[in-house]
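See structure below.
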Amino acid sequence: MIRFLPLLALLTVASLPAQQRLGLKVGKWPRHNRPRGWLVYQTKHYQIQSQAGKEKAKRLALHMEAMLKVYKKTFRPPKQYNVVNAVKLFKDRKSFLAYSPTGPGAAGYYSKTEKELVFYDTNHWGDEPNQAVTGGPGGTPGRPPRQMDVLGVAAHEGWHQYFGWYVVSWIQIPSWVNEGMGDYYYSAAPKSVRQKRGKKTPLKVGRMNAARLPVIRWAVTKGKHVPFKQIMRYEQRQYYSNPSVCYAQGWSMCHFFLHHKDKKVRALIPRYIARFRQRKQWQKNHKAIFGRVDLDTLEKEWKQWVLQQRMPGTPAPDKKPIEQPNGKKGSAKKLPQQKQPERRPATRD
């Protein structure tokens, strides 16, 4: 897993012994007993341990609380959620790497063993209007992910934390849905940048992921994507063996399912994860949820959808005759309208 971090950036990782971690206590801290240069800002569900100041700690907490409501709305908790999660926000990449067991390609991670989320201030925050376009598909080799969106990383890793609590299991769920949902949440629009007539509006999910969209469009065009019936059964090692395509495809499949015109398709992922929470056996779970679904037809529709999506900063594609799932040619059937994709930072800049 660690060897893929320079490419993937957003992975749940194991932790190093506490004595190797800059003398910082892992997990939650007593509010009035903190190291020099750090402060604690606490909300109902998050304790932000910040080396980057109070103002950024508050912004991070606001977004994470908003994202938690989104997780809970789609994947309703089976019991009262009374968890307070520890979140470390380092002031810069150097400090983060000195503490982190991840490697130079990561901008954040969730440690299930130590029960904490860890990030650093990349100086790129998605709640700031008119953010410059940063990053690109797959990143630029040799350059650190300094401009990854802090809030996007937090939304991705926050999902891993919530999922771990939700299923109460160390059994792995297939990565296409676990990492795919993380990348889906990464591109959520924070409250403070979604304004209407000067008023803030609620957080919005469902934007295009600009780091993933170009990759999956390329893969579909070249026939390099993985058939649904295969990727849905990939073990983690198989998924990580082709990270660029698999991460992009996992994101696009989750986005496609969750925004499908058919409510039965929209319900597939919530049903899949809810049943996994109850029974844990993902192979039987897959058969129960997807066994009667025509995956070949759904895959053809997904490929059509991928090629219709707008690339960041480009006009909408022209309507052209394309082959429909029934084999006939004609105008593409109009899919539910998506928000115009916005550039988001890639996993590396």
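The values are calculated or read from the model by the stated rules, or taken from the named source; none is laboratory data. All of these numbers come straight from a predicted model, not from anything done at the bench. Methodologically, a virtual Cβ is constructed for each residue, glycine included, from the backbone with ideal geometry; neighbour enumeration extends over all protein chains shown.
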TODO: Restricting attention to strands (runs of 3 or more DSSP E) lying wholly within segment 75-130, give those where 1 or more residues are of a type in the set (Asp, Glu), in contact with a strand residue (DSSP E or B) (Cβ under 6 Å, 6 or more places away or on another chain) and touching a residue at least 60 places away in the same chain (Cβ under 8 Å).
DONE: 116-120
Open item on the list: Just to check your reading of the model, which residue among Lys229, Lys319, Lys222 is under 23 Å from the mean Cα position of the chain (by Cα) and either of a type outside the set (Val, Ile, Thr) or at pLDDT below 95 (or both)?
Closed with: Lys229
TODO: Taking the residues in segment 77-91 that are at pLDDT 95 or above and charged (D, E, K, R) as candidates, determine which candidate is nearest to the chain's Cα centre (by Cα).
DONE: Lys88
- [ ] Scan (1) closer than 25 Å to Tyr272 by Cβ; (2) out of contact with any Gly (no Cβ under 7 Å at 6 or more places or on another chain); (3) of a type in the set (A, V, I, L, M) for the single condition Ala61 breaks and write down its number.
- [x] (1)
TODO: Look at segment 251-279 and say how many of its residues are without any contact (Cβ under 8 Å) to a residue 40 or more places away in the chain, closer than 21 Å to Arg207 by Cα and touching a helix residue (DSSP H, G or I) at 6+ places or on another chain (Cβ under 7 Å).
DONE: 4
Task: Residue in segment 267-274 that is among the aliphatic types (A, V, I, L, M) and at pLDDT below 95 present - done: yes
- [ ] Go through (1) more than 22 Å from the chain's Cα centre (by Cα); (2) at pLDDT below 95; (3) crowded, with 18+ Cβ neighbours inside 10 Å and name the single condition Gln281 misses.
- [x] (3)
- [ ] Looking for whichever is buried (at least 20 other Cβ atoms within 10 Å of the Cβ) and modelled with pLDDT under 95 here; the options are Pro190, Pro202. Which one fits?
- [x] Pro190
Task: Residue that is modelled with the highest pLDDT [pool: residues in segment 101-110 that are small (Gly, Ala, Ser) and within 15 Å of Ala154 (Cβ to Cβ)] - done: Gly108
- [ ] Tell me, yes or no, whether segment 298-312 has at least one residue that is surrounded by fewer than 16 Cβ atoms within 10 Å (Cβ to Cβ), modelled with pLDDT of 90 or more and either of a type in the set (A, V, I, L, M, F, W, C) or in a strand (DSSP E or B) (or both).
- [x] yes
- [ ] State the number of residues belonging to segment 1-52 that are touching an Asp or Glu at 6+ places or on another chain (Cβ under 9 Å), at pLDDT 85 or above and not polar (S, T, N, Q).
- [x] 7
